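Notes follow once the structure below has been shown.
The values are calculated or read from the model by the stated rules, or taken from the named source; none is laboratory data. Everything quoted here is computed from the prediction, not taken from an experiment. Here the Cβ is made from the backbone with ideal geometry for all residues, glycine too, and neighbour counts use every protein chain on show. Heavy atoms of the whole protein, side chains included, go into the accessibility calculation; ligands, DNA and RNA do not. Shrake-Rupley method; radii C 1.70, N 1.55, O 1.52, S 1.80 Å.
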Amino acid sequence: MSGSKLQYPPELSGGDEEETLIACQQWALSHGLCMLDDGKVLSKTSHAPFTLFPTPFPKTAFEEALNVQEAFNELYARVSSNTGWLENVISELAEFDPDFTGRLFKIHRQVKKAAGPQQPLTAGLFRSDYITTDKNKIKQVEFNTVSVSFGPLSSKVSELHNYLISNGIYGIEYPIESVPVSPALKELAKSLAQVHSAYVETSLSDPGSPASILMIVQPNERNIFDQKLLEYELSSTYGIFTHRVTLTDVQEKTCLIEENRLIHQASGDEISVVYYRSGYSPGDYMSDKEWENRLFLECSYAIKCPSVTTQLAGTKKVQQLLTERAVVNKLAPNISKSSVDSLLDTFVAIHPLDEETPEGRHARTLAFDHPEYYVLKPQREGGGNNVYKENIPGFLTSTPKQNWAAYILMELIHPPQIKNRILRNGTPHLGEIVSELGVFGGILWNSHTGECKFNKQDGWLLRTKLQSSDEGGVAAGFGCIDAVYLL
Ligand code: ADP
Ligand code: MG
């Protein structure tokens, strides 16, 4: 694909543009491609922001990203199971960030010492995010191990684009299969259903008693339809019900009975899977109560998706350490050499910023001499936390030197330039855009024996933002959901 030479996007074919924009919004509202304007007010719902056209994306890079997902799932499952290695890494980070990483780490340690039976199975719904370079190579931005979102909505946007294609609304012909529908909605639900079944088969306290999934949600979630679509798929295809509870309300709505079985009080259902769509950032823990509730859930016999340990495996410091082949080989000796080659091929340089190692000291110099090539990242999720380019030296100067080791310095990835139109609140915005491909993965493993129960790629998401903004979070208001046009 030669993105820079492509004239894109095309015109909409004939007709009234205003009518087409309305038709797109009607499709979105009819199919749940929506977000709440304000999480408290159900009656104010808008279409989620999306691109009017699917964005050109190199087919080989796309296939590489899908093909490497199972190896990434396995690698992070191994990191999470290797508690000796992980504890070493996290205990140091915990000192720099006692109020968040430190408290998650404390829960990890408390769970290990907790009384009663412990669930050996652990689940992950992961997402590996990439930006393509102008040489059409995929480079990993980050690997997410907790609360990955926008799978269901990405299925919807690719369906919308296919609807527009089949109705001749675009001014160009898209070859058949060049705009594939992301199976993320179906595959993520299938993974969760398989985790649920594994619990029912191995762990249910009474055979035949009712079991359901517990989704831990944020209060006033704006991106609720992304979650509801998953719930409906679980219900209609697998007959599995999902209860929604905030981290604050956990002990009002659930209780532990003998053998640490977690029960949803109102229904009496035994909880098979605790699926976190909250709990990944400090704002999710308003008081000690939410921390107590996290510990309470982690100590239950339900399968956690993810466990606090797996969440910690997703910190950016771990991502930095995994850029070394020897570390990957040591942690995941079962991954084939060709898969390790493929994993490593997706990495850009990521440097530590500590005082002790030569790499760290070298990176401290780079950050001041050549900040234009880098992004500085703390151990946080959810967007809005990074420091870019020329802002790095000033930021570091204002941060106590002994805390610099809590950050990583990552080489910036420069995607090819392309234009598209973004529809937000009914208004189209034309501009240079950059896109980020996220590939979902589902995995279930036994953290005591290392045995993997299933490991699969679960579809993809393309997120796009106008180039003028640095952060890509859709819910945070900077980006939108897109679909791939494979070239
Ligand atoms: P978060 O956990 O907050 O989502 P990310 O590491 O995903 O943090 O960074 C947020 C956004 O910053 C990304 O979606 C991307 O737009 C941009 N970004 C992060 N790392 C890079 C990089 N190495 N090169 C270019 N852009 C980046
Ligand atoms: Mg991100």
Just need a number here: residues in region 322-338 that are closer than 19 Å to A406 by Cβ and surrounded by 20 or more Cβ atoms within 10 Å (Cβ to Cβ). 1
Given (1) open to solvent by less than 10 Å² (accessible area, probe 1.4 Å); (2) more than 13 Å from ligand 1 (Cβ to nearest atom); (3) closer than 27 Å to I433 by Cα, number of the condition G124 does not satisfy: (3)
From the options L75, L104, L93, L86, residue that is modelled with pLDDT under 95, part of a helix (DSSP H, G or I) and within 27 Å of G441 (Cα to Cα): L93
Selection within region 314-333 - polar (S, T, N, Q), more than 16 Å from ligand 2 (Cβ to nearest atom) and either assigned to a helix (DSSP H, G or I) or in contact with an Asp or Glu (Cβ under 7 Å, 6 or more places away or on another chain) (or both): N329
Kindly establish whether S178 is open to solvent by less than 30 Å² (accessible area, probe 1.4 Å), more than 18 Å from Y275 (Cα to Cα) and small (G, A, S). yes
Region 348-398: number of residues that are within 16 Å of ligand 2 (Cβ to nearest atom) and either open to solvent by 30 Å² or more (accessible area, probe 1.4 Å) or without any contact (Cβ under 8 Å) to a residue 60 or more places away in the chain (or both): 11
Among the residues of region 54-65, is any over 20 Å from the mean Cα position of the chain (by Cα), at pLDDT 95 or above and over 16 Å from S158 (Cβ atoms)? yes
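Is it the case that region 304-311 has a residue that's open to solvent by 10 Å² or more (accessible area, probe 1.4 Å), within 16 Å of ligand 2 (Cβ to nearest atom), touching a Ser or Thr at 6+ places or on another chain (Cβ under 8 Å) and not in a loop (DSSP other than H, G, I, E, B)?
Yes, region 304-311 contains at least one residue that is open to solvent by 10 Å² or more (accessible area, probe 1.4 Å), within 16 Å of ligand 2 (Cβ to nearest atom), touching a Ser or Thr at 6+ places or on another chain (Cβ under 8 Å) and not in a loop (DSSP other than H, G, I, E, B).
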Among the candidates Q7, Q26, which residue alone is surrounded by fewer than 18 Cβ atoms within 10 Å (Cβ to Cβ) and not in a loop (DSSP other than H, G, I, E, B)? Q26
Residue within region 190-213 that is within 30 Å of T60 (Cα to Cα), touching a residue at least 40 places away in the same chain (Cβ under 8 Å) and among the hydrophobic types (A, V, I, L, M, F, W, C) present: yes
Consider region 249-262. How many of its residues are touching a strand residue (DSSP E or B) at 6+ places or on another chain (Cβ under 7 Å) and surrounded by 20 or more Cβ atoms within 10 Å (Cβ to Cβ)? 3
Show the residue pairs meeting these rules: Cβ distance below 8 Å; 6+ apart or different chains; first residue within region 135-159 and more than 10 Å from ligand 1 (Cβ to nearest atom); second residue of a type in the set (K, R). S147/R277; V148/R127; S149/R277; F150/R463; G151/R127; S155/K186
Is it the case, given these coordinates, that V340 is out of contact with any Leu (no Cβ under 7 Å at 6 or more places or on another chain), away from ligand 2 (no atom under 16 Å from the Cβ) and at pLDDT 95 or above? yes
Which listed residue is open to solvent by less than 10 Å² (accessible area, probe 1.4 Å), of a type in the set (F, W, Y) and either touching a helix residue (DSSP H, G or I) at 6+ places or on another chain (Cβ under 6 Å) or away from ligand 1 (no atom under 16 Å from the Cβ) (or both), from Y130, Y163: Y130
Residue set L192, L160, L188; condition in contact with a His (Cβ under 8 Å, 6 or more places away or on another chain) and part of a helix (DSSP H, G or I); output residue L160
Output the residue which, of all residues in region 126-146 that are under 8 Å from the mean Cα position of the chain (by Cα) and away from ligand 2 (no atom under 11 Å from the Cβ), is farthest from K453 (Cα to Cα). V146
When the residues of region 411-437 are narrowed to those that are in contact with a helix residue (DSSP H, G or I) (Cβ under 8 Å, 6 or more places away or on another chain) and either on the phi < 0 side of the Ramachandran plot or in a helix (DSSP H, G or I) (or both), which ends up farthest from ligand 1 (Cβ to nearest atom)? P428
Conditions first: (1) more than 16 Å from ligand 2 (Cβ to nearest atom); (2) under 30 Å from H47 (Cβ atoms). T60 passes all but one, so which condition is the exception? (2)
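Take the conditions touching a helix residue (DSSP H, G or I) at 6+ places or on another chain (Cβ under 9 Å), part of a loop (DSSP other than H, G, I, E, B) and at negative phi and apply them to A115. Does it pass?
Criteria met by A115.
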Where residues in region 292-303 are open to solvent by less than 20 Å² (accessible area, probe 1.4 Å) and assigned to a helix (DSSP H, G or I), which of them is nearest to I263 (Cα to Cα)? L297
With the requirement that a residue be on the phi > 0 side of the Ramachandran plot and at pLDDT 95 or above, what does region 147-176 give you? S147, F150
Among the residues of region 387-439, which ones are over 25 Å from the mean Cα position of the chain (by Cα), farther than 28 Å from T145 by Cα and among the aliphatic types (A, V, I, L, M)? L430
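Each row is one residue, and each column tells you yes or no for (1) touching a His at 6+ places or on another chain (Cβ under 9 Å); (2) modelled with pLDDT of 95 or more.
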site: H108; (1), (2): no, yes
site: G116; (1), (2): no, no
site: L125; (1), (2): no, yes
site: D129; (1), (2): no, yes
site: D134; (1), (2): yes, no
site: K139; (1), (2): no, yes
site: T145; (1), (2): no, yes
